[in-house]
1. What chymotrypsin sites (Phe, Trp or Tyr not before Pro) does the range 1-94 have in DSSP loop regions with at most 13 other beta carbons within 10 Å?
2. Could you compute the FRET efficiency for Lys9 and Thr37, with r as their C-beta to C-beta distance and R0 at 41 Å, rounded to 0.05?
3. Can you run phi through the Karplus equation (6.51, -1.76, 1.60; θ = phi - 60°) for the range 18-30 and list ³J(HN,Hα) in whole Hz, with x for Gly and Pro?
4. Please list, ordered by chain and number, the residues whose modelled amide H lies under 5 Å from the amide H of Tyr87; skip anything fewer than 5 residues away on the same chain.
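What follows is calculated from the coordinates using simple rules that are stated; it is not laboratory data. Fair warning: this is a prediction, and the values are worked out from it, not measured in the lab. Note that we place each Cβ from the backbone using ideal geometry, even for glycine, and neighbour counts take in every protein chain shown.
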Amino acid sequence: MTLSLFVTKNAFRNRLRSGLTILSVAFSLLLLTLMMTVWRSFYLDKGSDESAQRLLTRHKVSLANFLPGFYRERIRSVPGVVHVVPYSWFGGSIRTKRPRISSPSLAPIR
């Protein structure tokens, strides 16, 4: 008896089990396809025309390192730049009875 004949005979020995297995695999692939479609529609949006004109400049090492202050004027002098809004990295943490939860975020410099 060859392996392919053995697998074929075993797969169709219990037709209900084989059918349910095929249906469960098909349903999971359908569900995965639908979820990926929904994710793409929510998160891969092209955005507005105004958001396409925004530019973020940061330090080459990390968000926690600041750009020097004189870069603000150099960026402002680039043709087409309307506003320069400096942001600073804020690496806060929440202290509770559970382990520390870090909450990094960008906060505007005032």
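1. On the way: sites: Phe6, Phe12, Phe27, Trp39, Phe42, Tyr43, Phe66, Phe70, Tyr71, Tyr87, Trp89, Phe90; in loops: Phe12, Phe66.
Passing both the DSSP loop test and the Cβ count: Phe12.
2. On the way: r = 39 Å, r/R0 = 0.94.
The calculated FRET efficiency here is 0.60.
3. Result, ordered by residue: 5, x, 5, 5, 5, 5, 5, 5, 5, 5, 5, 5, 5 Hz.
4. Ile109
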